[in-house]
Amino acid sequence: MQTVNKAAAIRDWLEHGQVAIYFFAVAAGCFSAFILSGTAPLESAINPALALMLYVTFLQVPVAELGTAFTRVRFILPLLLTNFLLVPILVAVLVSFLPNNPMLILGVLLVLLTPCIDYVVTFSQLGRADARLLLASTPVLLIAQILLLPIYLRLFLGENASELVQPAPFIHAFIWLIAIPLLLAALTQFVARKSHLAQNISEGLGLLPVPATAAVLFIVLSAMLPQLGQAWAVAVQAVPVYVAFAALAPLCGWGMAKIFRLESKAGRAIAFSSATRNSLVILPLALAVPGAVPVLPAVIVAQTMVELLSELIYVRLIPKLGRNYP
């Protein structure tokens, strides 16, 4: 019992201190990229680190009950409509203000069309949203975006989509970043129900979502920043679009929640989901695009920086939504 209480205390400390932890990881990644030499080879660690992050994230969801996520129509339907209907419409308007640079536009589309499935859960918890409901929906969001992203890219880019984006990286990402972590999480949970030792190990792994996300941030920045060089001159052109998205996307989510008359915590969860993007998971797909480096990673990393700053505002403002009704 004492061990369980200690683990719970550590988990609470990590969750409440996650913002500081993430910004420390970002600062450390930037420091190592600019001060140390030879950090670029860390790029090979991005996918394994992402797989670990998603595994420990999925481990927080009772995988055996994931089927019930599809039955929560009252939450899942507005969540999907927001992320895959309203948000693409918003993105279509915003990208029209970008210069006619295919790599710049592709980078913005990749990152803004894909809803986050990792640290959005913990930020939403800080923002007094229904984090567990959002956590249970993360596999649905991830599968939906993998299936729909090629379709959206075709709609936005036309014939250029087939030249810029190949299906193989998407299939590879689905297998290694969704299927395998999800199956391992299910196996871990199954064994934990049969073995006290496995249960203790599973509880220990439950401490890792925040550190694993911080590790991904550190690895991505350490590996990618030395390779970006003059690409920042292109990436900075996307920053006004990212700022506009950060301001408008939560309103899309909250508006959809009001249409479906969701209770306030569920509505806040959709607001967080609509505003928080999957930049870390989408990066391996971007790196597989021919000629992607350095522009595409720079465009995606720029969104991550804007988003982390935006989350500090969200966790203070979004809790004010729905204070006058249940």
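The values are calculated or read from the model by the stated rules, or taken from the named source; none is laboratory data. Keep in mind that this is a model prediction, so the values were computed, not measured. So basically every Cβ, Gly included, is an ideal-geometry build from the backbone, and we count neighbours across all protein chains shown. Ligands, DNA and RNA are excluded from the accessible area calculation, which covers all protein heavy atoms including side chains. Shrake-Rupley method; radii C 1.70, N 1.55, O 1.52, S 1.80 Å.
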- Query: Does any residue of segment 113-123 turn out to be surrounded by fewer than 19 Cβ atoms within 10 Å (Cβ to Cβ) and of a type in the set (A, V, I, L, M)?
  - Reply: no
- Looking at (1) open to solvent by 60 Å² or more (accessible area, probe 1.4 Å); (2) outside any helix (DSSP H, G or I); (3) closer than 18 Å to Gly253 by Cα, find the lone condition where Asn100 falls short. (3)
- Note on the structure: Within segment 219-257, residues among the polar types (S, T, N, Q) and open to solvent by 10 Å² or more (accessible area, probe 1.4 Å) come out as Gln227, Gln230, Gln237
- Task: Examine segment 148-155 for a residue that is buried (at least 18 other Cβ atoms within 10 Å of the Cβ), more than 25 Å from Ser264 (Cβ to Cβ) and of a type in the set (A, V, I, L, M, F, W, C), and state whether such a residue exists.
- Result: yes
- Within segment 49-63, how many residues turn out to be closer than 12 Å to Leu208 by Cβ, open to solvent by 10 Å² or more (accessible area, probe 1.4 Å) and of a type in the set (A, V, I, L, M, F, W, C)? 3
- Of all residues in segment 191-218, how many are of a type in the set (A, V, I, L, M, F, W, C), open to solvent by 30 Å² or more (accessible area, probe 1.4 Å) and touching a residue at least 60 places away in the same chain (Cβ under 8 Å)? 5
- Note on the structure: When Arg132 is run through (1) within 15 Å of Pro297 (Cα to Cα); (2) free of Cβ contacts under 8 Å to residues at least 12 places away in the same chain; (3) not small (Gly, Ala, Ser), the failure sits at (1)
